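J.: This is the structure, below, for whatever I ask next.
The values are calculated or read from the model by the stated rules, or taken from the named source; none is laboratory data. It should be emphasised that the depicted structure is a prediction, and the values quoted were computed from it without experimental measurement. Glycine gets a Cβ as well: all are built from the backbone with ideal geometry, and neighbour counts include every protein chain shown. Side chains included, ligands, DNA and RNA excluded: accessible areas come from the protein's heavy atoms. Shrake-Rupley method; radii C 1.70, N 1.55, O 1.52, S 1.80 Å.
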Amino acid sequence: MDFTGEERIAAPRDIVWAALNDPEIMRGCIPGCQSIERLSPRAFEATIKVKFSLLSATFHGLLTLSNVDAPKSYTLSAEGKGGLAGFARGSADIVLEERGAETILHYRSKAELGGRLAQLGARLLDSTSQKLAERFFSDFNAAVVAKMAG
């Protein structure tokens, strides 16, 4: 599953970059995130509950940052195990483009699911993954704008 998109955020790039690296903001924006803890400057441990149609799974895993070019871009990689439901692996290349007082956040994501989740069918998994990504970036946008206002 591969998908791309962009989000226009009414905040300077430095503010958006700081938010992308703030575990509390990320916890509030990642759909189903139950916990996220920083292990090091480039590694986080997270627990995320995701519902795919009738099957729901709680994933425990690691999020890592690589290819970091602060405050312009990085790659976020994730790998989690969901018990009997299977596993999830993915990555997102994030690029922040400064445009006046705004920032355009570009993303290119890919994900792979295995186990029972993979048996649900590609169309359902693609559409659910795309909706989760869109929800994350929309919620992230709102959180950054709210932080700027507050």
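J.: Might you let me know whether the range 4-23 holds any residue that is modelled with pLDDT under 95, part of a loop (DSSP other than H, G, I, E, B) and more than 13 Å from the chain's Cα centre (by Cα)?
T.: No, the conditions are met nowhere in the range 4-23.
J.: Only one of these conditions is not met by TRP17: (1) within 19 Å of PHE140 (Cα to Cα); (2) buried (at least 17 other Cβ atoms within 10 Å of the Cβ); (3) among the aromatic types (Phe, Trp, Tyr); (4) touching a Ser or Thr at 6+ places or on another chain (Cβ under 8 Å). Which number is it?
T.: With respect to (1) within 19 Å of PHE140 (Cα to Cα); (2) buried (at least 17 other Cβ atoms within 10 Å of the Cβ); (3) among the aromatic types (Phe, Trp, Tyr); (4) touching a Ser or Thr at 6+ places or on another chain (Cβ under 8 Å), TRP17 is out only on (4).
J.: Only residues that are modelled with pLDDT of 95 or more and farther than 15 Å from ASP22 by Cβ: list them for the range 49-67, please.
T.: HIS60, GLY61, LEU62, THR64, SER66, ASN67
J.: When the residues of the range 106-129 are narrowed to those that are closer than 12 Å to ALA92 by Cα and either open to solvent by less than 20 Å² (accessible area, probe 1.4 Å) or touching a helix residue (DSSP H, G or I) at 6+ places or on another chain (Cβ under 8 Å) (or both), which ends up modelled with the highest pLDDT?
T.: Ranking the qualifying residues of the range 106-129, first place goes to TYR107.
J.: In this structure, is LEU105 farther than 20 Å from SER138 by Cα and hydrophobic (A, V, I, L, M, F, W, C)? Break it down stepwise before answering.
T.: Numbers: farther than 20 Å from SER138 by Cα: no; hydrophobic (A, V, I, L, M, F, W, C): yes.
No: the conditions fail for LEU105.
J.: Something else: Looking only at the range 64-85, count how many residues are open to solvent by less than 20 Å² (accessible area, probe 1.4 Å) and farther than 15 Å from GLY114 by Cα.
T.: 3
J.: Follow-up. Going by the structure shown, is ILE94 among the hydrophobic types (A, V, I, L, M, F, W, C), in contact with a strand residue (DSSP E or B) (Cβ under 9 Å, 6 or more places away or on another chain) and farther than 26 Å from SER35 by Cβ? Lay out the reasoning, then the answer.
T.: Numbers: among the hydrophobic types (A, V, I, L, M, F, W, C): yes; in contact with a strand residue (DSSP E or B) (Cβ under 9 Å, 6 or more places away or on another chain): yes; farther than 26 Å from SER35 by Cβ: no.
Considered against the rule, which asks whether it is among the hydrophobic types (A, V, I, L, M, F, W, C), in contact with a strand residue (DSSP E or B) (Cβ under 9 Å, 6 or more places away or on another chain) and farther than 26 Å from SER35 by Cβ, ILE94 comes out as no.
J.: Starting from residues that are touching a Phe, Trp or Tyr at 6+ places or on another chain (Cβ under 8 Å) and surrounded by fewer than 18 Cβ atoms within 10 Å (Cβ to Cβ), keep the ones in the range 47-62 and report whichever is nearest to THR128 (Cα to Cα).
T.: Checked the range 47-62; the qualifying residue nearest to THR128 (Cα to Cα) is LYS49.
J.: Look at the range 29-46 and say how many of its residues are closer than 30 Å to LEU84 by Cβ and either open to solvent by 60 Å² or more (accessible area, probe 1.4 Å) or touching a Gly at 6+ places or on another chain (Cβ under 8 Å) (or both).
T.: Of the range 29-46, the ones closer than 30 Å to LEU84 by Cβ are 29-39, 43-46.
In the following step, the residues that additionally are either open to solvent by 60 Å² or more (accessible area, probe 1.4 Å) or touching a Gly at 6+ places or on another chain (Cβ under 8 Å) (or both) were identified as 34, 37-39, 45-46.
Qualifying residue count for the region: 6.
J.: Being over 14 Å from the mean Cα position of the chain (by Cα), over 30 Å from ARG99 (Cβ atoms) and in a strand (DSSP E or B) is the filter here, so list the residues in the range 60-85 that pass it.
T.: Answer for the range 60-85, where residues must be over 14 Å from the mean Cα position of the chain (by Cα), over 30 Å from ARG99 (Cβ atoms) and in a strand (DSSP E or B): HIS60, LYS81.
J.: Given the conditions (1) under 16 Å from GLY32 (Cβ atoms); (2) assigned to a strand (DSSP E or B); (3) open to solvent by 60 Å² or more (accessible area, probe 1.4 Å), and given that ALA88 satisfies all but one, which numbered condition is not satisfied?
T.: Of everything listed in (1) under 16 Å from GLY32 (Cβ atoms); (2) assigned to a strand (DSSP E or B); (3) open to solvent by 60 Å² or more (accessible area, probe 1.4 Å), ALA88 misses just condition (3).
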